[in-house]
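The values are calculated or read from the model by the stated rules, or taken from the named source; none is laboratory data. Bear in mind the structure is a predicted one, so any value in this text is a computation, not a measurement. Cβ coordinates were reconstructed from backbone atoms using ideal geometry, including for glycine residues, and neighbour counts include every protein chain displayed. Quick note on the areas: whole protein, heavy atoms, side chains included, nothing else; ligands and nucleic acids left out. Shrake-Rupley method; radii C 1.70, N 1.55, O 1.52, S 1.80 Å.
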Amino acid sequence: MNILVTGGCGFIGSNFVRLLLESDRSFRLVNLDKLTYAGNLGNLADLSGDPRYRFVKGDICDREVVDRIIAEESIDRIVHFAAESHVDRSIDGPAEFVRTNVVGTFTLLEAARSAWLGGGKDAGERRFLHVSTDEVYGSLGETGYFTETTPYDPRSPYSASKASSDHLVSAYCHTYALPVLITNCSNNYGPHHFPEKLIPLIILNALKGQELPVYGDGSNVRDWLYVADHCRAILTVLERGVVGETYNIGGNSEKRNLEVVETVCDILDEVAPPLSGNAPRRSLIRFVKDRPGHDQRYAIDAGKIRNDLGWTPEVTFEEGIRRTIDWYLANPEWSAAILSGSYQDYYSSMYSERLQERGGESAAPAG
Ligand code: NAD
Ligand code: DAU
């Protein structure tokens, strides 16, 4: 396999590249990443000497660069992670989400169509795997699960841009017979997760004794999956998935946000140096102004990938959250490099007002 991974310096992409490079599979892997604020070469620094691996700094919207890589490296697999991925940023500035997530995916599809099918060629064993999200399905009430046939109902600029990209990918399969696969996954967590997202933000704030912002009343539910399990699922779909099919991927691990935050607090109280005055970290929890249009509940029915391809998650939330906390404790330089940069501006613009408005209002007991 000659694989083009897009967005391989981000959270999930870098965990996927690591999974491949640590396996004994024979392949060539090119990682195309623009290195936005979310892309971090340090995520793969220890693996950069591997002769199977090449990094290219570039934009998926740049057709020339994409064409050049596909031709130079005889690319026969594309695993497409690159995206703007944070819902809150999409609410503040949707344009970049449309550019990267929609136009970028379109550019990759066109490049693959031209290289793999141009002049009446047969795509053969080539595959285009598009990594997407469960957020395209909208929001659930207290019961029910997203299946592969749940109608799309995206509700944020982020999920709308991902839904658009999913539709384009499907259309290229139906119209041109481009051999595509789509995965729609629930919330990931684990090492190298950028601290704009709930779990790493809470871990790093709680370590420093800073306030822990919980949107609304903390009752929103997410289905958490350890990132290594997601990466194994993607590899399974790449190697054994049926062309044209969509596979939902989830952790079967629904948690309310408040429960997640409290779990992180309790584990840190156990394994990290105590806060001054031995205050329990739960005392740092602050309920703040809600995210506009905040989806209430996501939950995945992962029956299809389990039954058809034999994939199931291996890491429970209880195990995965401890591993994740251990990783952040063991890698303070990784977080320090992020926290000392433009992240400070992001954090102030996102949280200063929220925390001031609700300042001092601390968490109700768990319930
Ligand atoms: P991330 O934000 O951590 O990483 C995105 C990566 O893409 C970064 O390395 C960034 O530099 C790169 N990138 C952004 N724009 C680019 C461009 N125009 N050209 C080239 N590279 C570009 O994202 P993530 O959390 O790792 O998510 C990866 C993919 O998985 C996304 O498509 C996301 O929608 C999807 N997904 C994420 C989750 C989750 O919980 N994080 C769950 C399901 C699906
Ligand atoms: O479901 C898959 C999606 O999961 C992915 O497609 C997205 O790329 C990924 O970012 C994630 O989206 P969420 O919006 O669910 O993740 P986030 O970590 O931003 O928020 C998780 C929940 O926590 C959500 O209900 C909002 C809440 N939250 C988040 C932050 C950052 C807070 O209460 N406080 C916070 O400070």
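Some observations on this one:
- Residue count for the range 192-205, restricted to those that are surrounded by fewer than 21 Cβ atoms within 10 Å (Cβ to Cβ) and more than 11 Å from ligand 2 (Cβ to nearest atom): 1
- Boolean, Ala112 is surrounded by fewer than 19 Cβ atoms within 10 Å (Cβ to Cβ), of a type in the set (Gly, Ala, Ser), within 24 Å of the chain's Cα centre (by Cα) and more than 13 Å from ligand 1 (Cβ to nearest atom): no
- Taken over the range 47-70, residues that are modelled with pLDDT of 95 or more and out of contact with any strand residue (DSSP E or B) (no Cβ under 8 Å at 6 or more places or on another chain) amount to 7.
- Verdict on Tyr189 being within 10 Å of ligand 2 (Cβ to nearest atom), surrounded by fewer than 19 Cβ atoms within 10 Å (Cβ to Cβ) and at pLDDT 95 or above: no
- Scope the range 25-48; condition β-branched (Val, Ile, Thr) and buried (at least 18 other Cβ atoms within 10 Å of the Cβ); matching residues: Val30
- Residue match in the range 310-317 (condition: surrounded by fewer than 17 Cβ atoms within 10 Å (Cβ to Cβ), of a type outside the set (Asp, Glu), on the phi > 0 side of the Ramachandran plot and more than 16 Å from ligand 2 (Cβ to nearest atom)): yes
- Scanning the range 216-232 for residues that are within 9 Å of ligand 2 (Cβ to nearest atom) and over 20 Å from the mean Cα position of the chain (by Cα) turns up Gly216, Gly218.
- Here Lys121, Lys208 are screened, and the one residue that is open to solvent by 30 Å² or more (accessible area, probe 1.4 Å), under 30 Å from Arg282 (Cα atoms) and without any contact (Cβ under 8 Å) to a residue 12 or more places away in the chain is Lys208.
- Test: residue in the range 239-254 that is in contact with an Asp or Glu (Cβ under 6 Å, 6 or more places away or on another chain), open to solvent by 20 Å² or more (accessible area, probe 1.4 Å) and within 18 Å of Thr324 (Cα to Cα): yes
- One residue stands out among those in the range 192-209 that are under 11 Å from Ser335 (Cα atoms) and assigned to a loop (DSSP other than H, G, I, E, B): the one that is farthest from ligand 1 (Cβ to nearest atom), which is Pro195.
- Count - residues of the range 269-289 that are of a type in the set (A, V, I, L, M, F, W, C) and buried (at least 17 other Cβ atoms within 10 Å of the Cβ): 5
- On inspection, Arg89 fails the criterion of being farther than 30 Å from Asn2 by Cβ and assigned to a loop (DSSP other than H, G, I, E, B).
A quick yes/no check of all residues on (1) free of Cβ contacts under 8 Å to residues at least 12 places away in the same chain; (2) surrounded by 23 or more Cβ atoms within 10 Å (Cβ to Cβ); (3) in a loop (DSSP other than H, G, I, E, B):
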position	(1), (2), (3)
Leu4	no, yes, no
Gly8	no, yes, yes
Leu19	no, no, no
Asp50	no, no, yes
Phe55	no, no, no
Asp67	no, no, no
Ser74	no, no, yes
Arg99	no, no, no
Val102	no, no, no
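- Which listed residue is open to solvent by 10 Å² or more (accessible area, probe 1.4 Å), modelled with pLDDT of 95 or more and under 21 Å from Thr324 (Cβ atoms), from Arg222, Arg155: Arg222
- Some residue of the range 136-145 being within 15 Å of ligand 2 (Cβ to nearest atom), acidic (Asp, Glu) and open to solvent by 40 Å² or more (accessible area, probe 1.4 Å): no
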